[in-house]
Amino acid sequence: MVGQSVRGELEERLVELGKFIQDQRRRTHLSVRRLADLSGISNSYLGQIERGLRKPSAEILHQLSKALSISAETLYVRAGILDATTLPPSGVIEAIRADLDLSEDQKSSLVQIYESFRATGPTVAAPASAGAAPPPKPKPTVTRNRRPASKVV
């Protein structure tokens, strides 16, 4: 009985994952063929994933996430590969996607830039404290004395 309930949960998760991928594909106005091409998988395999008939590997999910301009972690969580509780809440991508003043292309570009920054690792700036010394002033540019160019008449 336990095996059947686990199997049912897996099937339900795969159907939900497939619907999510299909929704994202439609949101980005991609055909099945175009998304398959961008992801490097066959049309039929993508169709099977969208219908919840196949469990894609982490690599396939990563390729799909790049083609859909969404985070791979989002797909990993939906596929059950990654536990959502281990991810720090960000909200940045959700805020970008929810912004009504941005076009889909602008949203996609912002998400890609944000994710590329996150992928390069944390960059921590030193906090400015009240007693900290001001940043050094730029050195003045030194030029040599030159004779003014003579006018040619």
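Derivation of every value follows stated rules applied to the coordinates shown; laboratory data play no part. What you see is a predicted model, and the numbers here were worked out from it, not measured in a lab. Using ideal geometry, Cβ is built from the backbone for each residue, glycine included, and neighbour counts are taken over all protein chains shown.
Which one of Leu14, Leu38, Gly80 has its Cα pushed farthest toward the positive end of the charge dipole of the range 2-84, where Lys and Arg give +1 and Asp and Glu give -1 at the Cβ?
Leu38
Across the range 47-55, in residue order, what do the Karplus-derived ³J(HN,Hα) couplings come to in whole Hz, using 6.51 cos²θ - 1.76 cosθ + 1.60 with θ = phi - 60° and x for Gly and Pro?
Values per residue, Gly and Pro as x: x, 5, 5, 5, 8, x, 8, 10, 9 Hz.
Given R₀ = 25 Å, FRET efficiency for Arg34-His62 by Cβ-Cβ distance, to 0.05?
0.90
Can you tally the net charge around Leu38? Count Lys and Arg as +1, Asp and Glu as -1, for every other residue whose Cβ sits under 12 Å from the Cβ of Leu38.
Charge balance near Leu38 sits at +3.
Just the projected area, averaged over all directions, of the convex hull on the alpha carbon atoms of the range 7-79: how many nm²?
4.0
When the dipole is taken about the Cα centre of the range 36-77, and only Lys, Arg (+1) and Asp, Glu (-1) are charged at their Cβ, what size is it in debye, to the nearest 20?
Computed charge dipole of the range 36-77: roughly 140 debye.
What's the local net charge at Leu61, with K and R +1, D and E -1, over the other residues with C-beta under 14 Å away?
+2
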